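The values are calculated or read from the model by the stated rules, or taken from the named source; none is laboratory data. Just so we're clear, the structure is a prediction, and the values are computed from it rather than from any experiment. Every residue, glycine as well, gets a Cβ built from its backbone with ideal geometry; the counts of neighbours run over all protein chains shown.
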Amino acid sequence: MTHSNSPDGPPEEDGPEYHLPKDHWPLPELSNIEEHPHPDANHYVTMQKADEYQKLRRTFRSFAFPTVVAVLVWYFLYVILSVLAAPGGPTHDFMTATGWGGLNVGFWLSLAQFPTTWIATWAYVRVADNKLDPMAEDIRIKLEGKEA
């Protein structure tokens, strides 16, 4: 069942719907309320203590925290090496050494930040798709009472 919250007349001239075709007034995403089962707070508290929810949290934390720590350590290592690469600094010779393609090591380390981010994101998406999302879906089904 949906409820329409249609305003009287066209939208205001400075409103977000003014330039839309008239059949789009009001925006359906903003004006239709669908009935949806909402468990009470006791169900959430009970589920939070359940083994399956704790397993979901453990699985997330066992991937997310080490990955974030590794990426941040790698990033700050690069930043520290860069700061210390000032002329006369302890890493100056290392960071300014010519690397592959005639570019210096500092430049290659800076470019390595991009694939590091992409790899961490790709790994998270894989873990989420294969482990986290199925466990979360099972929990959602149980909370909404749609268990088979």
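Quick notes on this one:
- Close contacts from region 43-64, counting a first residue that is in contact (Cβ under 8 Å) with a residue 60 or more places away in the chain and more than 19 Å from Glu144 (Cβ to Cβ) and a second that is of a type in the set (Val, Ile, Thr) and in a helix (DSSP H, G or I), with Cβ to Cβ under 6 Å and a gap of 6+ residues or different chains, come to Phe63/Val127.
- Qualifying residue in region 90-107 (condition: modelled with pLDDT under 80 and among the charged types (D, E, K, R)): yes
- Test result for Ala70, among the aliphatic types (A, V, I, L, M) and outside any helix (DSSP H, G or I): no
- Residues of region 46-66 classified as surrounded by 10 or more Cβ atoms within 10 Å (Cβ to Cβ) and either touching a His at 6+ places or on another chain (Cβ under 7 Å) or of a type in the set (Lys, Arg) (or both), total: 4
- Scanning region 73-85 for residues that are in a helix (DSSP H, G or I) and not polar (S, T, N, Q) yields Val73, Trp74, Tyr75, Phe76, Leu77, Tyr78, Val79, Ile80, Leu81, Val83.
- Filter result for Met95 (surrounded by 13 or more Cβ atoms within 10 Å (Cβ to Cβ), in contact with a strand residue (DSSP E or B) (Cβ under 9 Å, 6 or more places away or on another chain) and on the phi < 0 side of the Ramachandran plot): yes
- Scanning region 67-78 turns up no residue that is without any contact (Cβ under 8 Å) to a residue 60 or more places away in the chain and surrounded by fewer than 10 Cβ atoms within 10 Å (Cβ to Cβ).
- Check on Thr121, exposed (fewer than 14 other Cβ atoms within 10 Å of the Cβ), in contact (Cβ under 8 Å) with a residue 24 or more places away in the chain, of a type in the set (S, T, N, Q) and under 24 Å from Tyr75 (Cβ atoms): no
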